[in-house]
Amino acid sequence: FLASIAFTSLFAVASLGAGFASDRYNRKTLTIASAVSWSIATIGTSQATSYDEVVGWRIAMGLACAFATPTAYTLIAQLVPKDKSALASSLYGTGVALGGSLAALTVLLDSNVGWRNALLGISLFGASAAGVSFLSLPNDPKDKSDQID
């Protein structure tokens, strides 16, 4: 219970900072870092040996998750044509809701392979998301560091 409060509380507060960062820094990099950090925190949670460690990793997980939505919505707004941006935003929002719904099914996974192995398996999704983001997201249009003047 407290581990979930640790995640949610930090997620809510960190989302404000994540929005600020998403407006100013490379969103592709933030997206990849968010997915990698989330995966590391998920693996860390699976290896925790005390309640305090679980809470610490859940805090790290909340911080990592906070960056996903602001970067996604700003990239959608900038990269998707205006006449399709509402659909793109809806698809993203639906994905978030479905992901939350699927999280409830981890109880079945927990009972079959144990919570530690379930978390290890789930962490692969974050690592996969980081790889897909690296390969498919274009360079951030506002990042001028790779352009020649």
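The values are calculated or read from the model by the stated rules, or taken from the named source; none is laboratory data. None of the values given here were measured: they were computed from a predicted structure. Ideal geometry is used to build each Cβ from the backbone, glycine not excepted, and the neighbour counts take in all protein chains shown. Surface areas here come from the heavy atoms of the whole protein model, side chains and all, with no ligands, DNA or RNA. Shrake-Rupley method; radii C 1.70, N 1.55, O 1.52, S 1.80 Å.
What accessible area per residue, rounded to a whole number of Å², is obtained for the range 1-114 using a probe radius of 1.4 Å?
58
Carbon and sulfur atoms: what percent of the 1.4 Å accessible area of the chain do they account for?
On the way: 6420 of 9140 Å².
Whole-percent figure for carbon plus sulfur exposure: 70.
Angle between the Cα long axis of helix 2-24 and the longest principal axis of the chain, 0 to 90 degrees, nearest 10?
Helix 2-24 sits at roughly 10 degrees to that axis.
List the longest stretch of the chain that has no exposed loop site; here a site is one of the trypsin sites (Lys or Arg not before Pro) assigned by DSSP to anything other than H, G, I, E or B, with at most 14 other Cβ within 10 Å.
For trypsin sites (Lys or Arg not before Pro) (loop position, at most 14 other Cβ atoms within 10 Å), the longest site-free span of the chain is 1-141.
Compute log10 of I(q)/I(0) for the range 77-127 with the Debye formula, placing one identical point scatterer on every Cα and leaving out solvent, at q = 0.13, 0.32 Å⁻¹, to two decimals.
The calculated log intensity ratios at q = 0.13, 0.32 Å⁻¹ are -0.47, -1.11.
Would you calculate the separation in nanometres between label points at Ser128 and Val113, each defined as 7 Å from the Cα along the Cα-to-beta-carbon direction?
1.1
Can you list the HN-Hα couplings for the range 108-121, worked out from phi with the Karplus curve (6.51, -1.76, 1.60; θ = phi - 60°), rounded to whole Hz and with x for Gly and Pro?
5, 5, 4, 5, 8, 10, x, 5, 5, 5, 4, 5, 4, x
Using Cα pairs closer than 8 Å and at least 6 residues apart in sequence, work out the relative contact order for the chain, in percent.
Once normalised by length, the contact order is 36 percent.
Could you check how many percent of all C-alpha pairs in the range 1-51 are farther apart than 12 Å?
72
Expressed as an acute angle from 0 to 90° and rounded to the nearest 10, what is the orientation of the C-alpha long axis of helix 27-47 relative to the principal long axis of the chain?
Around 0 degrees separate the two axes.
Can you tell me the Rg and the Dmax, both Å, for the Cα atoms in the chain?
16.5, 58
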